[in-house]
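Nothing in this text is a laboratory measurement; each read-out follows from the coordinates by a stated rule. All values derive from a computational prediction rather than experimental measurement. All Cβ positions, glycine included, derive from the backbone under ideal geometry; neighbour counts span all protein chains shown.
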Amino acid sequence: MSVQSVERALDVLEALAEHGGEAGLSEIAARTGLPYGTIHRLLQTLLARGYVRQESDRRYALGGGLVRLGGIAESMVGVWAQPYLARMVELSGETANLAVLEGDFIVYVAQAPSPRRLRMFAEVGRRVLPHSTAVGKVLLSGRPASQAVAVFERTGMPRRTPNTITELTAMLAELEQVRSRGYAMDLGEEELGVHCLAVPVWDGGRVVAAMSVSGPAERIDGLDRDELAEGLRKIALDFGNELRPTADGS
């Protein structure tokens with residue numbers, strides 16, 4: 001049984017998140033369909049608890065109170081992901097990763113290592129820019145193009161290797177390919193000699209995370225790319241179903 005005031009407060013927080021973490025009353029109202037008076041009352045409660053803050057221009061932003069909750073939630077998601085990452089390792093023979101988008105950065109939150117002597121590591125907690133990674137492309141392909149453009153404009157899309165895509169138009173075309181085929185590739189764009197294939201994790205109608213396998217370029221290239229992507233998508237779908245809220249809210 002849902003509680004309307006809680007649902008509405010969560011709607012306000014999600015509206016702020018979908019606007020990049022900051023929005024005005026009119027933007028929140030357009031996203032939630034709630035009356036201004038209701039939004040204002042909810043914001044006052046969220047302000048008092050530190051989950052929202054008000055900027056000098058009177059716009060509202062996600063507050064520091066969410067950082068502690070987010071960190072704990074990420075660690076729990078990392079624990080839940082381990083059996084699925086292990087399945088990806090078994091399927092590919094390579095290291096499997098789980099990553100999320102935090103602000104303008106990709107953060108690796110869980111990993112299952114390859115059993116091979118030569119293997120790739122993306123340290124849990126490591127933060128990288130999204131344009132040079134397969135997981136980053138997957139996560140931004142699940143957002144409106146305007147949000148992706150805003151991220152790229154803020155980060156500047158620096159060149160990590162000679163293979164890094166640094167032109168905005170080329171990256172937007174790359175994201176469109178990711179949407180159409182259902183997976184992304186990093187072909188030595190973050191680190192030379194390392195290739196990666198990533199797939200989205202869907203929580204109902206949203207991409208909430210990305211899962212990937214990475215390894216030496218010659219080994220990844222030796223795999224059947226479409227067959228690997230299909231297998232990874234099935235595993236990511238199973239994981240997304242675990243994260244997805246049930247009909248009764250449990």
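Key figures
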item	result
Residue-by-residue Karplus 3J(HN,Hα) for the stretch 26-41, coefficients 6.51, -1.76, 1.60, Hz, glycine and proline x	5, 5, 5, 5, 5, 6, 9, x, 8, x, 4, x, 5, 4, 4, 5
Residue among V124, V149, G231 farthest towards the positive dipole end of the stretch 67-243, charges placed on Cβ	V124
For the stretch 67-243, size of Cβ-based charge dipole, Lys and Arg +1, Asp and Glu -1, in debye	280 debye
Stokes-Einstein translational diffusion, the stretch 4-63 - Kirkwood Rh over all Cα pairs, 0.692 mPa s, 37 °C, in µm²/s	300 µm²/s
Over the chain, relative contact order from alpha-carbon pairs under 8 Å, at least 6 apart, %	15 percent
Inter-site label distance for A145 and L172 at 7 Å from Cα along Cβ, in nm	0.5 nm
Linear extension gain, R127 paired with R49, 0.36 nm per residue minus alpha-carbon span	25.3 nm
log10 of Debye I(q)/I(0), alpha-carbon scatterers only, for the chain at 0.11 Å⁻¹	-0.63
Net dipole in debye of the stretch 4-63 [+1 Lys, Arg Cβ; -1 Asp, Glu Cβ; about Cα centre; nearest 20]	240 debye
